[in-house]
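*Asks:* Quick one: this structure, given as structure tokens, is what I'll be asking you about.
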Amino acid sequence: MSDKAVQQGRGCWQKDRSERGVYQRGKIWYIRFRDQGGKMRAERVGPSKALALKVVEKRRTEVAERRFFPSANVTFDELIKDAIAEAKRSYALKKIKKHTTYRYRLLGEWFKGRKASSIKKEEIDKKLSDHCHTPANFNRYRNSLSHAYRLAIDNGKKIENPARLVDLKKENNARVRFLEAEEEMALREALRELHPAREAEFDLALHTGMRWSEQYGLTWSQVNWKLNEITLLHTKSGEKQYVRINKAARAALEKLRVITRGSDYVCPDQGHHAFDLWWRDVLKVSEVSNFHWHDLRHTFASRLVMAGTDIYTVSKLLRHGSVKTSERYAHLADAHLQQAVERLDGVTPGVTAVQEPALRVPQSIQ
């Protein structure tokens, strides 16, 4: 029997000993090689022997340079595990003790046990649309998923990123929802009935305008009692920022210091899930609709404007990068001024109405 043909029967391999690692089965050429761990791998190439020779040489080079990561064996679980590890490493470098990886964990549940290469753009789009009820939420989950794939690619895994093909939604950042006086009272009554210890957290947000992540990542070492100032180390802009403390905010901080005694954190140590549970309870009982925790920041800004504070100062207190971002609140000043002048209608005492001059009629027509 020839060295070139071990057997000619159907389904049997034809081995060409002139080129190691290249095999033919029927009309299709395959390659075989060992990966970094010594495991033998086979790969289908196609009807071209020349191509098979190029591919096997490429794989050997990738193995030698430790760049071979077969996409077929990369699981989505691995992607999420690596993304969570990278997030924790990043938080540690920034010295952020309190952090959350809930988006990665939820994404991991959606595609658990799947091959990373099996997840397609259409499937991702449907999952996001079903789960996310706002464009902003849709975009955050889409970006987290894309980041997990991008991180895997940066680490040398041979996979495509299907999340990058999912179009981002247009966000409406101009939304301004603020509390009316009766709504605030309803929320406070619900807080005192269901979760009385949480009212101080509510007051702190209402009187400082801090974002959720800023407030719930705040430590006592960042609170300067003498200067009535909070130092934010990790902000949306990535720069150190300062928050002023008024009397109401200071009172809230003093209550929280008793509640969280022994903790490094100003607010009770909790993640988004625990927070959502009690906050949803409060919203349900209070019957305040279409209201989010972030709207307390809008309320903070709106009340400043309606109290006569100029937009430049409001922008500084909100720590916006540009005054233009704060201009969404400008119309509230106009409405407030209109209400003020309306109060003058008919209530100006001591002023006699101006008499219209008598109409003089020419003698010629009398």
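*Asks:* Roughly how many percent of the accessible protein surface of region 178-318 is carbon and sulfur, given a 1.4 Å probe and a whole-percent answer?
*Replies:* C and S atoms contribute 52 percent here.
*Asks:* Now, a different point. Computed FRET efficiency, Cβ-Cβ of Lys240 and Asn155, R0 30 Å: what is it to the nearest 0.05?
*Replies:* 0.40
*Asks:* Here's another thing I want to ask about it. What accessible area per residue, rounded to a whole number of Å², is obtained for region 249-328 using a probe radius of 1.4 Å?
*Replies:* About 53 Å² of surface per residue is accessible.
*Asks:* Hey, any idea what Rg/Rh is for region 181-220, computing Rh the Kirkwood way over Cα pairs?
*Replies:* 1.02
*Asks:* log₁₀ I(q)/I(0) of region 289-333 at q = 0.17, 0.20 Å⁻¹, via Debye over equal Cα point scatterers, no solvent, to two decimals?
*Replies:* Summing over Cα pairs of region 289-333 leads to -0.43, -0.58.
*Asks:* Could you check the simple spin-label distance between Arg188 and Asp310, using points 7 Å along Cα→Cβ, in nm with one decimal?
*Replies:* 3.2 nm
*Asks:* Additional query: More than 23 angstrom separation, counting every C-alpha pair in region 162-282; what % is that?
*Replies:* Result: 39 percent of Cα pairs exceed 23 Å.
*Asks:* Of Lys27/Lys121; Lys169/Lys255; Lys127/Lys240; Lys170/Lys240, which ones are farther than 31 Å apart at the Cα?
*Replies:* From Lys27/Lys121; Lys169/Lys255; Lys127/Lys240; Lys170/Lys240, over 31 Å: Lys27/Lys121; Lys169/Lys255; Lys127/Lys240.
*Asks:* Okay, next question. If you project the alpha carbons of region 256-318 onto the principal axes, what extent comes out on each, in Å, largest first?
*Replies:* Rounded to whole Å, the extents work out to 39, 32, 18 Å.
*Asks:* Starting from the Cα-Cα distance between Glu327 and Glu78, subtract it from 0.36 nm times their residue separation and give me the gain in nm to one decimal.
*Replies:* Length difference between fully extended and current span is 85.2 nm.
The values are calculated or read from the model by the stated rules, or taken from the named source; none is laboratory data. What you are looking at is a predicted structure, and each value in this text was computed from that prediction instead of being measured. FYI the Cβ positions are ideal-geometry reconstructions off the backbone, even for glycines, and counts take in every protein chain you see. Accessible surface is based on the protein model in full, side chains and every heavy atom, while ligands, DNA and RNA are left aside. Shrake-Rupley method; radii C 1.70, N 1.55, O 1.52, S 1.80 Å.
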